[in-house]
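The values are calculated or read from the model by the stated rules, or taken from the named source; none is laboratory data. These figures come from a predicted structure and were not determined experimentally. Cβ coordinates were reconstructed from backbone atoms using ideal geometry, including for glycine residues, and neighbour counts include every protein chain displayed. Quick note on the areas: whole protein, heavy atoms, side chains included, nothing else; ligands and nucleic acids left out. Shrake-Rupley method; radii C 1.70, N 1.55, O 1.52, S 1.80 Å.
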Amino acid sequence: MKKWIVNNPDPKTASELVRGSDLHPLCAEVLAARGISTVSEAAEMLGTENLSDPFLLKDMREAAEAINEAIEEFTPICIYGDYDCDGITSTVMLFSYLECMGANVSYYIPERCEGYGLSSAAVRTLAAQGTELIITVDNGVSAFDEAELIYELGMKLIITDHHQTGETLPRAEAVVNPHRSDCHSPFKQLCGAGVVLKLIAALEGGDYDAALNEYGELAAIGTIADVVTLTGENRYIVKYGLYLLENSERPGINALINQSRLKSPLNSTSVAFGLAPRINASGRFGSPSYAARLLLTDDNDEAEIIAQKLDGLNNERKETENKIIESISAQIAASPEIIDQRVLVLSGENWHHGVIGIVASRMMEHFDKPCFIITQEGEVSRGSARSFGSFSIFKALEYCSDILIKYGGHLGAGGFSVKTDNIPELSRRLQEFAAENFKTMPVPDITAEKIISPDEITVENIDSLNLLEPFGEGNRQPVFAIAGATVTDIVPLSQGAHTKLRIQYGFKNIEVLLFRRSPDSLFIKPGQKADFMASFETKTFAGRKTVSIIAKDFRQSGMNQKKYFAAKDAYEKFRRNEELPEAYYERICPDRTELIPIYKQIAAGHFSTDTLYMRMYSESMNYCKLRVCLDIFNELGLAETNHFSQEITIVSNAPKADLEKSSILKNLKNKTNKECTV
């Protein structure tokens, strides 16, 4: 369960935005909720109409002059890319352009097993092939040793990158990176493909027309896939690129759109969940050269064959993720205490290193905790980590730096390598870091722009939000809260895989979709009230446009989330045998009159612990007490909890149990003066 944050945009600010522009009132309220208070700020956020002069990027002029000279002299050039979507699209963009200009150009994209960025082995191979100029895209800013080797071997180097730089830079003819401290380009958040787009414009003398028209769609895919902020110049690149994607002349992109079963109009979500994963799968499970060939080919038949291959690799990626998650589920079943820790540290032999970052994200979302996933590969293991809120992955890894071989990252994500024998100590240190820095661990949240009123749920209002697109990092799709709606009907969809709720919200009867939630797993019944956090879209069917509402989260109306999270934190501390205030033990010690109705409720259905809590919610039944009751049932063999899915079921034909024999109850009695009557 996520923490709900519901904004309350200032009506005066929203009104001033409407008066000074052609913004729709609901759109203005969204902007006001996000801290935009003036028309000029709104215009800056929404109306980026061009890209800044590419020559404002430090070293761009030197890079363009050196490359143009190499084109004229037919100097052997190699574009050195990266195996992710941003790196592949960047490589294809620059290679295509230089080839069209008549350059003597090739490209090299390392396989994932070679590691990220320039490598000495690859540099020597390129030198042996006669390469005289290496141009990096989406990498190179940290390749100090490799840069020196390039010059020792008689070659030259141009670096284009977007990753953070240190105080010094590698030796090169030019280092084009918006994060350089001496770079005065106004927009810093470009991805690798965005930097390459500007390089191509610089090679055209600063004119963006040809660069955008020929390569804008590739730049948009790279920008979305690399999860850089979709504000400012990135917003312009993506909007322009999405327009081109609708009528792409690239056989590879059209084949990939068909293989992804995407429908028009394409948006940032289509790219993020349709195109980007298939391009990334090429670097994770096959070879990044497959995706590069797909984006370069002019042959429709070849494009279809490669697109089918990438789709197959993407399915293989999904299967591999699921196998790792099955392994994690088995670990948790054997050692349930794993999920009571402040952070999750999970490891296994030969888990595919190309997907452990994705698995870390999924486990973080599933358990609402920072997650470190480690694949054991002999004596040395590799790890990937994801987090949220104020828990910094980089600081956590830095705390353990003396036992790590290498590490890197930022607030929300990171990677590392460690000796396999040191994994237990790493796990201990990470828990120690969390305990020292967080008395109470942060919880994930979901933010609504405002509580939407029934009369605001109209096709016109929801369509007005299209002005805010493209949605993505830094510009999320608007979410609105629905408060105090009455559920009137519960309808299964796709044989119960999903659910449609019919609700009465004020004077309106509307429908809300719950994906991946079956009707029998819900806490709610017809006639009861619920609150929702939801996104809103318009859909057209049979010529009629309607509003589609998709729930992001929902809960029983009136639930006190502050008490819920406090009780959940207390329960985990109780499970870790950490000391709680004496008064709290009294509040979580159940008696028979509380245990019996919980047991009967479990017997009546198939529930997760959160769903059961919603059903049993009362002033006297806090979350911690409920979980203690479930632990007692598990201990006595009356119920079973799947600690991965958090689903609890009654053990059929279980022998009669004596509650007095519960060690959990005995432990609670010893910690309180209250008599826990059973």
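The set of residues in segment 2-48 being part of a loop (DSSP other than H, G, I, E, B), in contact with a Lys or Arg (Cβ under 8 Å, 6 or more places away or on another chain) and within 19 Å of I462 (Cβ to Cβ) consists of N7, P9. Within segment 406-435, the residues that satisfy the criterion of being at pLDDT 95 or above and open to solvent by 70 Å² or more (accessible area, probe 1.4 Å) are K419, D421, P424, R428. Regarding S390, is this residue of a type outside the set (D, E, K, R), more than 20 Å from D445 (Cβ to Cβ) and not in a helix (DSSP H, G or I)? Criteria not met by S390. Taking (1) hydrophobic (A, V, I, L, M, F, W, C); (2) farther than 20 Å from N422 by Cβ; (3) in a loop (DSSP other than H, G, I, E, B) in turn, W351 satisfies each apart from (2). Here V176 passes the criteria (1) at negative phi; (2) free of Cβ contacts under 8 Å to residues at least 60 places away in the same chain; (3) buried (at least 20 other Cβ atoms within 10 Å of the Cβ) except the one numbered (2).
Scan segment 639-667 for residues that are in contact with a Lys or Arg (Cβ under 9 Å, 6 or more places away or on another chain) and open to solvent by less than 30 Å² (accessible area, probe 1.4 Å) and the total you get is 1.
Matching residues to (1) touching a helix residue (DSSP H, G or I) at 6+ places or on another chain (Cβ under 8 Å); (2) under 16 Å from E146 (Cβ atoms):
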site	(1), (2)
S96	yes, no
M101	yes, no
Y107	yes, no
R112	yes, no
G115	no, yes
S119	yes, yes
R124	yes, yes
A128	no, yes
L133	yes, yes
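Confirm whether S608 is modelled with pLDDT of 90 or more, of a type in the set (S, T, N, Q) and open to solvent by less than 60 Å² (accessible area, probe 1.4 Å). Break it down into steps so the answer makes sense when it comes.
Values: modelled with pLDDT of 90 or more: no; of a type in the set (S, T, N, Q): yes; open to solvent by less than 60 Å² (accessible area, probe 1.4 Å): yes.
Spelling it out, it is not the case that S608 is modelled with pLDDT of 90 or more, of a type in the set (S, T, N, Q) and open to solvent by less than 60 Å² (accessible area, probe 1.4 Å).
Taking segment 441-466, which residues are surrounded by fewer than 18 Cβ atoms within 10 Å (Cβ to Cβ), β-branched (V, I, T) and farther than 20 Å from I338 by Cβ?
I446, T447, I451, T458, V459
Screening F438 on (1) surrounded by fewer than 17 Cβ atoms within 10 Å (Cβ to Cβ); (2) touching a Cys at 6+ places or on another chain (Cβ under 7 Å) shows it passes everything except condition (2). Summed over segment 211-222, residues that are within 13 Å of C191 (Cα to Cα) and touching a residue at least 60 places away in the same chain (Cβ under 8 Å) total 4. If you go through segment 291-315 one residue at a time, how many are charged (D, E, K, R), in a helix (DSSP H, G or I) and open to solvent by 80 Å² or more (accessible area, probe 1.4 Å)? Total meeting the criteria: 3. Candidates in segment 294-343 are the residues that are without any contact (Cβ under 8 Å) to a residue 40 or more places away in the chain and basic (K, R); of these, the one that is farthest from E217 (Cα to Cα) is K323. Only one of the listed residues (R502, R476, R516) is surrounded by fewer than 19 Cβ atoms within 10 Å (Cβ to Cβ), touching a strand residue (DSSP E or B) at 6+ places or on another chain (Cβ under 7 Å), charged (D, E, K, R) and modelled with pLDDT under 95. That residue is R516. Residues in segment 371-378 include at least one that is modelled with pLDDT under 95 and open to solvent by 10 Å² or more (accessible area, probe 1.4 Å). Of all the numbered requirements in (1) farther than 29 Å from L256 by Cβ; (2) touching a residue at least 12 places away in the same chain (Cβ under 8 Å), T48 misses one, and that requirement is (1). Hey, could you check segment 234-276 for residues that are open to solvent by less than 40 Å² (accessible area, probe 1.4 Å) and over 24 Å from the mean Cα position of the chain (by Cα) and say which is modelled with the lowest pLDDT? Across segment 234-276, the extreme among qualifying residues is S248. Among the residues of segment 72-99, those identified as open to solvent by 10 Å² or more (accessible area, probe 1.4 Å), aromatic (F, W, Y) and outside any helix (DSSP H, G or I) are F74, Y83. Could you list, in sequence order, all residues of segment 441-497 that are under 19 Å from T231 (Cα atoms) and aliphatic (A, V, I, L, M)? Within segment 441-497, L465, L467, L468, V479 meet the criteria. Scan segment 622-638 and give yes if some residue there is crowded, with 18+ Cβ neighbours inside 10 Å, among the hydroxyl-bearing types (S, T, Y) and under 22 Å from D531 (Cβ atoms), otherwise no. Yes - at least one qualifying residue is present in segment 622-638. So which residues in segment 116-152 are more than 21 Å from E167 (Cβ to Cβ), assigned to a helix (DSSP H, G or I) and open to solvent by less than 10 Å² (accessible area, probe 1.4 Å), if there are any at all? Matches in segment 116-152: A122, V123, L126, I150.
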